[in-house]
1. Please give me the summed charge of the neighbours of residue 809: other residues whose Cβ is under 13 Å from its Cβ, Lys and Arg +1, Asp and Glu -1.
2. Between residue 394 and residue 26, what is the label-point separation in nm under the 7 Å Cα-to-beta-carbon projection?
3. Counting only C-alpha contacts under 8 Å and six or more residues apart, can you give the relative contact order of the chain as a whole percent?
4. Across the range 495-501, in residue order, what do the Karplus-derived ³J(HN,Hα) couplings come to in whole Hz, using 6.51 cos²θ - 1.76 cosθ + 1.60 with θ = phi - 60° and x for Gly and Pro?
5. Have a look at the DSSP beta bridges in the chain and tell me what percent are antiparallel, nearest 5.
6. Determine, from the Cβ-Cβ distance of residue 638 and residue 705 and an R0 of 30 Å, the FRET efficiency 1/(1 + (r/R0)^6), rounded to the nearest 0.05.
7. Determine the shape class of the range 670-739: with a ≥ b ≥ c the square roots of the Cα gyration tensor eigenvalues, call it rounded for a/c under 1.5, and otherwise prolate if a/b is greater than b/c, oblate otherwise.
8. Compute the Cα gyration tensor for the range 610-744, then decide on rounded, prolate or oblate, letting a ≥ b ≥ c be the square roots of its eigenvalues: rounded whenever a/c is under 1.5, prolate when a/b is larger than b/c in the other cases, and oblate in all that remain.
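The values are calculated or read from the model by the stated rules, or taken from the named source; none is laboratory data. Predicted model, so just to flag it, every value in this text is computed and none were measured. For neighbour counting, all protein chains shown are included, and Cβ atoms are generated from backbone atoms with ideal geometry for every residue, glycine included. The protein model used for the area step is the full one, side chains on, heavy atoms only, and it has no ligands, DNA or RNA in it. Shrake-Rupley method; radii C 1.70, N 1.55, O 1.52, S 1.80 Å.
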Amino acid sequence: MPEPIRKIADSRAATALLAAHPEWAAELAAPAAFSRSEMLAALAGAEAGDEAALKRRLRHLRSRVLLRAMARDLAGQAALEEVCAAMSDLAELSIAAALAHLRCEDLMVVGMGKLGGRELNVSSDVDLVFLYQGAPEDAPRYERAGRRLIQILSERSEDGFVFRVDMRLRPYGASGPLVSSCDALDQYFVTQGREWERYAWIKARALTGERDAELERIVRPFVYRKYLDYATLGAMRALHAEVRRDVARRELAGDVKLGPGGIREVEFVAQALQLIRGGRDPELTARPTLDVLSILSGKQLLPQPAALELAAAYRFLRNVEHRLQYLDDAQRHDLPEDAGDQARISRMMGFENWLSFREKLNQHRTAVTRHFEATFAEREQSAEPWPEHPRLAALRASQRYAALPADSRRRLDTLIPALARAARATPDGEATLARGVDLVEAIASRAAYLALLAENPQALERVARIIGASRWAAEFVTRHPLLLDELLDDRLLYAPFDPGSFSRGLARQLADARGDTERQMNALREAHQAQVFRLLAQDLAGLLTVERLADHLSALADAVLDATIVAVWRDQRGRHREDAPRFAVIGYGKLGGKELGYASDLDIIFLYEDEDERAGEVYARLAQRINHWLSSRTSSGVLFETDLALRPSGASGLLVSPVAAFERYQEENAWTWEHQALTRARFSAGDRAVGEKFEAIRTRILRRSRDESSLKKEILQMRQKIHAAHPNRSDLFDLKHDRGGMIDIEFAVQCLVLGHAHRHPDLTGNLGNIALLRMAAGHGLIDSALAERCRDAYREFRRLQHTLRLNGAQYARVPRAQVSAHVEAVTRLWSSVFGQAV
């Protein structure tokens with residue numbers, strides 16, 4: 001007897017099927033996997049016959065698929081995934097064949113649960129929801145088709161059945177209409193959707209119809225929140241507690257699906273972490289449980305040992321489930337008490353006896369319970385009173401506090417004493433607590449944010465450290481509470497910035513949101529804010545110099561600009577090129593000089609080189625949309641404030657220029673101050689070939705021979721205008737605008753570049769003021785010792801400016817005595833370059 005046939009002898013269902021259809025035994029001697037194409041061939045033309053013939057063909061096919069899957073499984077030739085895929089294919093193709101017979105293929109049948117995740121077991125119900133797109137008067141036709149579909153699948157005859165059908169997950173459950181319109185489902189989620197239904201819809205998948213995107217549009221916002229949804233842990237705890245009470249009441253402790261340490265608990269762990277984070281990370285919206293566990297492990301959201309143990313337990317438990325169902329082709333999950341059946345299950349699982357099988361089963365169930373409780377463990381709720389503090393007393397007495405749901409008030413009552421303790425551990429506990437209360441007041445109405453901090457004491461300690469160190473950081477987090485997610489894992493928070501990895505991740509998010517402009521714009525903002533926050537944390541921890549931070553922020557801006565160009569061009573109406581646009585963004589000022597700060601504007605211009613007669617109009621529209629994407633305020637805030645005034649002819653000029661026109665303008669019409677600006681300009685994003693042409697023009701312009709006297713006169717006039725525009729009536733020294741400050745260093749360097757680059761071409765390198773000062777000294781243009789003093793001054797001015805801005809100062813001003821030596825060095829540099837006192 002062939003091994004596969006011998007192996008299925010423990011199945012009474014298989015024995016009965018082969019007795020009724022001995023011709024099927026030939027398929028089992030050396031069984032191949034039952035492919036989807038083979039199933040399609042078996043059903044070919046079934047829709048054209050009468051209903052009785054269709055039912056018979058479906059039932060016979062189901063029996064053959066079951067027998068072959070069983071034979072391969074028990075002979076060790078098929079993994080769990082193959083068995084589940086075969087049953088899922090059978091369900092999908094059976095539903096499609098029935099709808100084709102009923103001539104109602106536009107009915108959208110949604111697979112829920114294991115069918116949605118393509119994890120169907122061998123004797124499973126199929127959980128379905130029926131939807132349609134159309135007017136209410138169309139509903140009766142779809143309802144008739146739905147009822148007949150259920151009958152075709154589930155009616156039991158001498159040939160058996162195809163699948164039992166469960167419709168209780170539809171809107172309003174068994175009391176709701178059998179078929180709902182897509183609009184009605186959308187409205188139901190908004191007005192009636194309950195927390196457990198988010199869990200139920202997590203695997204929902206359209207099996208028929210052609211409106212997958214429509215279903216996704218409706219279901220995704222209901223299932224996945226855009227923020228980190230730690231509030232779902234409480235709901236999942238409550239749901240699981242209800243399941244466990246039901247298990248105890250029905251004495252189902254031995255149930256491998258619902259009992260402690262069973263299949264459902266593995267699914268709860270995976271799906272709870274999906275619900276928490278899936279709105280932020282599209283990869284976590286995967287449906288199969290094993291895939292989700294792997295993704296969670298890869299993203300370090302679940303420790304790898306835990307993920308491996310849970311995956312191994314899931315495979316073992318699902319295999320036990322299948323063998324229980326192989327006995328009699330019945331949907332069962334309880335372990336048998338009959339000694340004969342225990343022996344059958346042990347043999348099918350590859351164990352010598354029931355005792356050794358139960359020992360292994362208990363090991364897996366114990367591991368599942370351990371990881372489940374680690375995921376869902378509820379922190380002990382503190383009965384600690386709120387500290388005596390005027391701000392806290394005002395919050396406790398406020399209408400805002402009184403109006404919170406009971407769960408949110410309990411979380412807040414736990415959070416406030418913990419926040420006060422964390423604040424006391426910072427250098428300025430009073431300031432930290434005040435900033436913390438501002439944050440709590442901003443997030444109090446969002447249960448998920450309260451839950452995140454209440455569920456993660458380490459995150460609360462980190463937020464206290466960061467907001468205590470910087471007023472600007474506190475305001476940034478308060479404006480963008482989504483950033484609280486970044487506080488959960490030090491490995492991610494302090495990971496070095498990798499522009500390539502950032503760009504790849506952002507590209508995936510934008511591609512996932514394609515077709516939804518607001519969602520794409522928010523994805524850009526949230527990705528940028530998250531990375532800025534990581535850099536901020538590293539900055540406050542002393543891990544970055546001001547120069548290194550500016551490099552990172554500038555590279556981040558470049559990456560965001562590149563991603564914006566790609567996303568906008570992809571959906572550009574009337575575009576004349578399928579591939580990338582011949583279009584570039586040129587950075588000036590702080591972006592051009594790679595000296596960007598946390599809240600710096602972007603000084604940019606747009607260039608293109610494209611001979612197509614439509615190019616001017618197309619690229620003007622592209623530039624306009626890019627600027628809109630960057631500077632518009634969405635629900636996630638503003639990405640960048642932009643300044644386009646440095647384009648040729650300023651505000652009166654075209655928004656985007658051909659490279660040739662830009663070149664002519666620089667050669668013939670540009671003012672000296674515009675050539676000064678070129679010293680701190682560079683290609684930032686877009687088409688690199690256009691960027692190279694810009695750089696060639698820039699270099700040639702900067703290396704022109706100029707009349708030194710006229711050059712200095714014009715630069716001095718511009719310096720006077722800037723000084724007059726930024727009066728300082730205080731007794732403090734303005735690090736940027738006062739005489740002897742940062743602008744004087746910048747103007748002196750620009751004069752050196754424009755005046756001497758024709759003899760010293762390396763001065764045109766966009767290397768920053770600190771490097772250019774040393775190069776100028778190397779060429780004998782300024783004294784070497786003075787150059788070093790001014791390099792130190794520029795570094796210190798930038799450091800002080802950065803520190804002041806982190807603490808919310810309106811102006812970058814310090815006592816003059818604090819920087820007097822630096823001011824004196826800059827004053828000497830000015831006299832050396834311009835031949836006159838400042």
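1. Working: positive: 471, 736, 805, 813; negative: 475, 734.
Surrounding charge for residue 809 is +2.
2. 8.8
3. Values: 1175 pairs, mean separation 59.3, N = 838.
This gives 7 percent for the chain.
4. 5, x, 5, 10, x, x, 5
5. On the way: 22 of 33 bridges.
The answer is about 65 percent antiparallel.
6. Values: r = 43 Å, r/R0 = 1.45.
About 0.10, to the nearest 0.05.
7. Values: a/c = 3.92, a/b = 1.68, b/c = 2.33.
In terms of gyration-tensor shape, oblate.
8. Working: a/c = 2.46, a/b = 1.28, b/c = 1.92.
It is oblate, given that a/c is not under 1.5 and a/b is not larger than b/c.
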